[in-house]
Amino acid sequence: MRFELTRDFLNELEEAIVKNDIKWIEESIFNLHVADIASVIDELDNQSANFIYKLLDEERQADVLIELDEDIREDLLKTFSTKEIARQLENLDSDDAADVIAELPKDKVEEVISHITDDEAAEDIVDLLNYDEDSAGGLMQKEFIKAKLDWPVNRCVVELRRQAENVEKVFTIYVVDNDDRLVGFLSLKSLLFASPNTKISDLFQDRNMISVKTNDDSEEVAKIMEKYDLVSVPVVDLQNKLVGRITIDDVVDVIKEEADKDFQMASGISEMVEASDSIWRISRARMPWLLIGMLGGILGAQVISGFEGGISEVPALAFFIPLITAMGGNVGVQSSAIVVQSLAKGNDQFGSILKKILKESLVGIVNGLVLSIIIYGIGHAFESPVLGIVVSLSLFTVMLFAAIFGTLIPLLLDKYNIDPALATGPFITTLNDVLGLFIYLTIGVLLYGI
């Protein structure tokens with residue numbers, strides 16, 4: 001049954017901690033999934049979190065540690081000696097251990113690694129720390145199962161049993177040659193039904209073997225695994241030697257981080273921030289786009305001042321300015337969001353792009369016609385037929401241009417290796433505000449003959 005964390009449960013837990021009721025804590029928490037235990041600890045103060053965490057056995061401590069929020073994990077690790085940290089890392093997969101070490105202060109990293117008793121595990125962690133965290137090498141784990149081409153089945157089974165002791169989840173058996181170059185994969189079914197003396201070279205498969213390089217971008221890895229429905233993917237170096245694997249749980253984290261980043265960028269936040277970050281860091285992330293928004297407002301004010309005479313003669317023109325700017329911004333964001341989503345999926349072929357521009361233009365025309373007819377009636381009733389024509393024609397034109405710009409801008413940003421998610425936020429809104437004002441007031445001045 002799925003665990004649901006409630007305020008009542010936390011109150012009972014805090015009361016049990018105060019009373020030192022270990023029996024209640026063990027019965028209520030220790031049988032939960034490690035992710036649920038981490039969720040509970042995340043909600044506690046530092047002292048209570050430390051108390052609960054230290055009641056767990058070492059293996060579960062390690063599993064819970066990797067599930068905790070970064071800030072909680074950082075505070076928790078401060079209470080441990082470097083030897084205690086090293087002991088917990090030995091119970092983690094190499095990729096998770098490397099992630100934890102990377103979060104430690106630099107003066108502690110070498111000391112923690114020196115306390116790891118398993119030399120091979122320590123070497124794996126050091127190797128992973130050398131890769132960029134946003135690359136396939138930074139994502140991969142060193143625990144995997146491999147078989148060599150020249151092994152007979154009976155030896156292969158023995159070797160795989162030995163390797164499996166260090167691998168928590170076995171998804172695929174990779175096949176390598178004598179130089180550890182990846183050549184294919186081995187079906188467990190074929191291994192089970194083969195005779196003991198059959199060579200792996202007669203059983204392995206090399207068709208449709210998907211792998212990634214250590215320097216491939218993590219976002220690209222996520223796209224590959226999504227496209228081919230992979231639960232794990234082998235990682236090879238520039239010589240095609242098998243050096244690790246990436247599992248689906250790590251890719252889910254990448255997808256979530258990218259989605260969070262794109263959402264923040266679309267909201268006008270220039271770098272990844274957390275609610276717990278310092279005021280200065282959060283302000284620094286928001287300031288660039290606030291400045292751009294302010295600049296857009298100044299340009300909009302300049303456009304209005306250029307048509308001050310026309311507005312003074314027909315004051316009713318000013319009433320519809322918020323409508324024009326709002327609709328232009330909304331349409332631009334809608335169009336750009338569709339294109340950004342398509343680019344995120346890797347769909348950037350020229351033919352597909354051309355179709356999207358045409359389609360968004362047609363959508364802009366249809367929506368523009370419907371809304372223009374409605375606003376014509378409102379403008380006509382509000383002031384005069386001329387105002388109805390001015391507002392409806394302006395709205396149609398602004399929506400059409402906004403749809404086109406909303407499609408083109410993310411494509412241009414992507415072409416110059418700038419994150420196209422920028423186009424779904426203040427960038428496109430500010431541009432459409434200024435352009436929309438200019439179009440509206442120009443049409444108004446022309447039709448009123450001012």
**Request:** Quick one: in the range 156-165, of everything that is more than 23 Å from A122 (Cα to Cα) and without any contact (Cβ under 8 Å) to a residue 40 or more places away in the chain, which residue is surrounded by the fewest Cβ atoms within 10 Å (Cβ to Cβ)?
**Result:** V158
**Asked** Just for the range 315-332: of the residues that are of a type in the set (A, V, I, L, M, F, W, C) and surrounded by fewer than 20 Cβ atoms within 10 Å (Cβ to Cβ), which one is farthest from the chain's Cα centre (by Cα)?
**Response** A316
**Message:** With the structure loaded, tell me whether E159 is under 29 Å from the mean Cα position of the chain (by Cα) and assigned by TED's automatic domain parsing to the domain that holds V243 or whether it fails that test.
**Reply:** no
**Prompt:** Taking the range 131-155 as the search range and keeping residues that are among the basic types (K, R) and in contact (Cβ under 8 Å) with a residue 60 or more places away in the chain, which one is nearest to L238 (Cα to Cα)?
**Reply:** K142
**Request:** Could you figure out which of (1) at pLDDT below 85; (2) in a helix (DSSP H, G or I); (3) among the hydrophobic types (A, V, I, L, M, F, W, C) isn't true of I450?
**Result:** (2)
**Message:** If I go through the range 367-380 residue by residue, how many of them are surrounded by fewer than 21 Cβ atoms within 10 Å (Cβ to Cβ) and in contact with a Gly (Cβ under 8 Å, 6 or more places away or on another chain)?
**Reply:** 4
**Message:** What's the number of the only condition in (1) surrounded by fewer than 16 Cβ atoms within 10 Å (Cβ to Cβ); (2) touching a strand residue (DSSP E or B) at 6+ places or on another chain (Cβ under 7 Å); (3) closer than 24 Å to S135 by Cβ that D249 fails to meet?
**Reply:** (2)
**Asked** Could we say that G364 is surrounded by 18 or more Cβ atoms within 10 Å (Cβ to Cβ), on the phi < 0 side of the Ramachandran plot and either out of contact with any helix residue (DSSP H, G or I) (no Cβ under 9 Å at 6 or more places or on another chain) or at pLDDT 80 or above (or both) here?
**Response** yes
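The values are calculated or read from the model by the stated rules, or taken from the named source; none is laboratory data. Remember, it's a predicted structure, so these values are computed and weren't measured experimentally. We place every Cβ from the backbone using ideal geometry, glycine too, and count neighbours over all the protein chains shown.
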